[in-house]
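What follows is a short report on a single structure.
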Amino acid sequence: MSIGMRCAAPETPATASPTPQLDIAADLLTLLRDTTTEPRPDTQLEALTLAVAADLPVLLWGEPGIGKTAALTQLATALDLPLTTVIASVHEPSDFSGLPVIGDDPATHGVPMAPPDWAVRLVRAGRGLLFLDELSTAPPAVQAALLRLVLERRIGALQLPPGVRIVAAANPRSSAADGWELSPPLANRFVHLQWTHDHEVVVRGLGGTWPRATLPLLAPERLSEAVDFARRAVCGLLAARPKLVHQLPGNETRRGGAWPSPRSWDMTLSLIAFATAAGSSREVLSLLVRGAVGDGPGLELLASLDRMDLPDPETLLADPASAVLPQRGDLRQAVLDGVVAAVRGRPEKSRWDAAWALLVRALETGAPDLVVVPATTLAALRQENWDVPEAIEQLAGVVSLSRRADRAADRVAGRIGAGSAGGR
Amino acid sequence: MNAYAPGTLDLDKLFAARLHAVRARPYLATALFALHPVESRQVPTMAVDRHWRCYVSPSFVDRTPVEELAGVWVHEVSHLLRDHHGRSDRFAREHGLTGSGERLRMNIAADCEINDDAFGDGLVHPEGAVEPEALGLPTGELMEEYLRRFRLGPNTLSLSWLDCGSGADGLGREWELGPNGAHGLSEQERDAVRFRVAQGINGRPGNAPKGWRRWAEEAFHPPLPWRELLGAAVRSAASDSGVGEDYTYGRPSRRSAGLPGVVLPSLRRRPPRVSVIIDTSGSVSDAELGSALLEVTAISRAVGGRRDLVTVLPCDASAGIVHPLCRAEGIPLMGGGGTDLRTGFAKALRASPRPDVVVVLTDGQTPWPDTRPPCRTVVGLFPRQHTLRRRPVRSWGEDEDDRYVPDSPPAWARVVDIG
């Protein structure tokens, strides 16, 4: 409005060359863009980085406008790759399968399929991050062409070089108006990452401070250890649970999501190795594993990893004096149960004594109620010629705790008995 | 061990109570042992935070008998297992609720969900524990259902002291140790504990009461509302290749001008034709049918269908007249007796032009066509009355054939359970 006024009224004497409005606007924009960053752990970005580094096709599921593109920009910086964003919904299938170009004599030379310019530039650079955004709003034929690009890494006659990494993004099925859905075989080829926004991050970011994620670095000296760990983790679980190797999704809700198959377990193996080599947290690993094989098998794998971390019962029995037991009650209980089971498997007086020493140690360093069941079971393993070790006296407190719980149980039984008697 | 002095937390008593709780509810042992007790003088009784710490008032432990403390242990761990903090946050976000009054209401609703089947069978009812009956509410419902049923008022006045911590209602308290304090469980560890408990219950379902079995079945796969599922099925059927917006060689592309001699496909829009077959055999209530029909039409409109392209076909043993949707309000849903949907299919497919999607709303007690019809088929399945038909909720660990579901629709149809 004011710009128009100035033009319309040139006769008004201008006060000493006023700053043009657009320059003032530029100043305001500069102020608005003047934001700082702060380091903040970001598990979903870390998971994405590892999956992309492992060269697995990633599918980000997330509502539009929650910062997927911003995340990809950070990822490109972290991996030092130029970022190419392709909005799938504004392209035609031939943009991905190649545009036919007529030569002199099509009958003899054929019709070559020419790739689009961005693909040519990507191939020429030899490396880059290709982000296929809005997969779900593209028509089915475009989606089909894109999937070939993601899975076979081909655009027309061009083969993408190994240095190019691809990430795709889609809206969740329930919010997508036109029902993007992966068939189970296709879904099985992707690592599915759910992209959500963190309320706190958004509010703080709009206030001027955006997070700066510290991204994982693979440690060269840990590579072989990482591969070994990943193989043990996956093979250990699948050897014990053969049913988990291959399970097609059974119902409507889980179609189009992650499900276990030898292929997705192989992806899981890579992901565990990458997360281990980068020293990533279990949170990150959880996103990756569940994104590859689905929630159920993923959680089961993670639970078995927790058990892999527990100290070996034989090591503990060999040197009970310097044993270090886990702090968390449920894990500690699992260790003590394991120790008692090991003694039961090979009952010898020295092992039995060592187990008692471990229970005493557990009592000194943690909650006493955890010790009750292992102590009872261990006592029952006593053989006739074995003398009771002195350590048992130190467990007197456990016995009184157990009796106290017994008395409570008796009172409950009595109260319920009295109650039902009164009711009649 | 017995270094207890009055005024400090009597850990022996607290742990004896936990032991009693574990003996009474062995399937909760992992969760009970994973809780880390923290002495606190700010909590009225016991409370949990979302990081699986359990804050305990020393004076509460002093004045409460062991058997009642055991009940409180189970109560508090139930808040965490049932993810009441996450569900409270989601409920608050969806309904735009703010303020501590609303959080108190969530705590009360969560307590109602737990307490109606938490006690008895070896555990006594702790004094003052909220029961749904005391608020005039039915038992056996979920926290979200209770939240829609009561307001804070005179009969909840006595509960205003209630405080189970942020683990119950999602609202952080200043006396809590927070995410970076000692002995907290990370999100992945919390999931792992919940998963172990669910796995234990699913493995030996006979030992746990019904409420816990339902929890274990749905802990990691909450069932989606049928509207969403039906919507997804119809949407995906109606936007499959050949239907809706897609490329066709029927007309040259606008790019063709630049490439003389080359035939390029062009983008064409062809709205899907949806035919809805309604089973009117009498076992499905009109209200249910009405809401499902509304849902289907809303969805077909959302995918670009026009009202005149949606037709409705009532069907029992013989197919009725095909009605265009514009007269849906007046369609006589008459019938009764036996159903044979095969006639409905035949009639729907005889229409010209042929429908792209057939949606069948039925209770499933019907013969089905032997061969796959030449279009996508979505079946909305109503629960059968008078027969106990288990909803086929399959957890990922089970074999597909573990549970027998009689008269199931054929494999070529996509089935959504309604209601």
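Search segment A:378-403 for residues being under 22 Å from A:ALA334 (Cβ atoms) and either away from chain B (no Cβ under 14 Å) or among the basic types (Lys, Arg) (or both), and hand back the single one that is surrounded by the most Cβ atoms within 10 Å (Cβ to Cβ).
Among residues in segment A:378-403 that are under 22 Å from A:ALA334 (Cβ atoms) and either away from chain B (no Cβ under 14 Å) or among the basic types (Lys, Arg) (or both), the one surrounded by the most Cβ atoms within 10 Å (Cβ to Cβ) is A:LEU378.
From B:LEU104, B:LEU69, B:LEU11, B:LEU19, grab the single residue that is surrounded by fewer than 24 Cβ atoms within 10 Å (Cβ to Cβ), within 12 Å of another protein chain (Cβ to nearest Cβ) and out of contact with any Phe, Trp or Tyr (no Cβ under 6 Å at 6 or more places or on another chain).
B:LEU11
State the number of residues belonging to segment B:90-131 that are under 17 Å from B:ASP169 (Cβ atoms) and not charged (D, E, K, R).
The qualifying residues number 20.
Taking segment A:196-236 only, how many residues are more than 13 Å from chain B (Cβ to nearest Cβ) and part of a loop (DSSP other than H, G, I, E, B)?
Count: 9.
Yes or no: segment A:252-275 includes at least one residue that is within 22 Å of A:LEU48 (Cβ to Cβ), surrounded by 21 or more Cβ atoms within 10 Å (Cβ to Cβ), more than 10 Å from every other protein chain (Cβ to nearest Cβ) and of a type in the set (Val, Ile, Thr).
Taking every residue of segment A:252-275 in turn, at least one turns out to be within 22 Å of A:LEU48 (Cβ to Cβ), surrounded by 21 or more Cβ atoms within 10 Å (Cβ to Cβ), more than 10 Å from every other protein chain (Cβ to nearest Cβ) and of a type in the set (Val, Ile, Thr).
Only residues that are facing chain B (nearest Cβ under 8 Å), in contact (Cβ under 8 Å) with a residue 60 or more places away in the chain and surrounded by fewer than 21 Cβ atoms within 10 Å (Cβ to Cβ): list them for segment A:281-332, please.
A:SER281, A:GLU283
Given the conditions (1) within 28 Å of A:VAL373 (Cβ to Cβ); (2) of a type in the set (A, V, I, L, M); (3) part of a helix (DSSP H, G or I), which single one is not true for B:VAL38?
Here B:VAL38 meets the rest and fails (3).
How many residues are modelled with pLDDT under 80, among the aliphatic types (A, V, I, L, M) and surrounded by fewer than 18 Cβ atoms within 10 Å (Cβ to Cβ) when one looks only at segment A:87-113?
Final tally of qualifying residues: 4.
I'd like the residue in segment B:173-207 that is aliphatic (A, V, I, L, M) and part of a helix (DSSP H, G or I) and, out of all such residues, is farthest from the other protein chains (Cβ to nearest Cβ).
Ranking the candidates gives B:ILE201 first.
Is it the case that segment B:133-145 has a residue that's within 23 Å of B:ALA17 (Cα to Cα) and in contact with an Asp or Glu (Cβ under 6 Å, 6 or more places away or on another chain)?
Within segment B:133-145, none of the residues are within 23 Å of B:ALA17 (Cα to Cα) and in contact with an Asp or Glu (Cβ under 6 Å, 6 or more places away or on another chain).
Being within 14 Å of A:GLY98 (Cβ to Cβ) and within 13 Å of another protein chain (Cβ to nearest Cβ) is the filter here; which residues of segment A:145-157 pass it?
A:ALA145
To keep it simple, each residue is scored yes or no on (1) touching a helix residue (DSSP H, G or I) at 6+ places or on another chain (Cβ under 9 Å); (2) of a type in the set (Ser, Thr, Tyr); (3) at pLDDT 95 or above.
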{"position": "A:GLY296", "(1), (2), (3)": "yes, no, no"}
{"position": "A:LEU299", "(1), (2), (3)": "yes, no, no"}
{"position": "A:ARG307", "(1), (2), (3)": "yes, no, no"}
{"position": "A:ASP312", "(1), (2), (3)": "yes, no, no"}
{"position": "A:SER322", "(1), (2), (3)": "no, yes, no"}
{"position": "A:ALA341", "(1), (2), (3)": "yes, no, no"}
{"position": "A:GLU348", "(1), (2), (3)": "no, no, no"}
{"position": "A:TRP352", "(1), (2), (3)": "yes, no, no"}
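So how many residues does segment B:124-169 have that are in a helix (DSSP H, G or I), among the charged types (D, E, K, R) and loosely packed, with under 14 Cβ neighbours inside 10 Å?
1
Out of A:THR84, A:THR73, I need the residue that is surrounded by 14 or more Cβ atoms within 10 Å (Cβ to Cβ), touching a helix residue (DSSP H, G or I) at 6+ places or on another chain (Cβ under 6 Å), under 30 Å from A:ILE272 (Cα atoms) and of a type in the set (S, T, N, Q). Which one?
Residue meeting the stated conditions: A:THR84.
Considering segment B:255-285 alone, what residues qualify as being away from chain A (no Cβ under 11 Å) and either under 26 Å from A:SER89 (Cα atoms) or at pLDDT below 70 (or both)?
B:ALA257, B:ARG270, B:PRO271, B:ARG273, B:VAL274, B:SER281, B:GLY282, B:SER283, B:VAL284, B:SER285 - these are the residues of segment B:255-285 that are away from chain A (no Cβ under 11 Å) and either under 26 Å from A:SER89 (Cα atoms) or at pLDDT below 70 (or both).
Quick one: in segment A:355-377, of everything that is surrounded by fewer than 23 Cβ atoms within 10 Å (Cβ to Cβ) and among the small types (Gly, Ala, Ser), which residue is farthest from the other protein chains (Cβ to nearest Cβ)?
A:ALA357
Residue under question is A:VAL52, and the condition is that it be touching a Lys or Arg at 6+ places or on another chain (Cβ under 6 Å) and either within 23 Å of A:GLY291 (Cα to Cα) or surrounded by 13 or more Cβ atoms within 10 Å (Cβ to Cβ) (or both); does it hold?
So A:VAL52 passes the test.
Take the conditions assigned to a strand (DSSP E or B) and either more than 11 Å from chain A (Cβ to nearest Cβ) or in contact with a Lys or Arg (Cβ under 8 Å, 6 or more places away or on another chain) (or both) and apply them to B:TYR55. Does it pass?
Yes: the conditions hold for B:TYR55.
Determine whether segment B:12-30 contains at least one residue that is within 30 Å of the chain's Cα centre (by Cα) and not in a helix (DSSP H, G or I).
yes
Out of (1) modelled with pLDDT under 80; (2) in contact with a Gly (Cβ under 8 Å, 6 or more places away or on another chain), what's the single condition that is false for B:THR362?
The one condition B:THR362 does not meet is (1).
Looking only at segment B:36-52, count every residue that is facing chain A (nearest Cβ under 8 Å) and either out of contact with any helix residue (DSSP H, G or I) (no Cβ under 9 Å at 6 or more places or on another chain) or crowded, with 24+ Cβ neighbours inside 10 Å (or both) and tell me the total.
Total meeting the criteria: 0.
The values are calculated or read from the model by the stated rules, or taken from the named source; none is laboratory data. These figures come from a predicted structure and were not determined experimentally. Please note: Cβ atoms are built from the backbone with ideal geometry, for glycine as well, and neighbour counts cover all protein chains shown.
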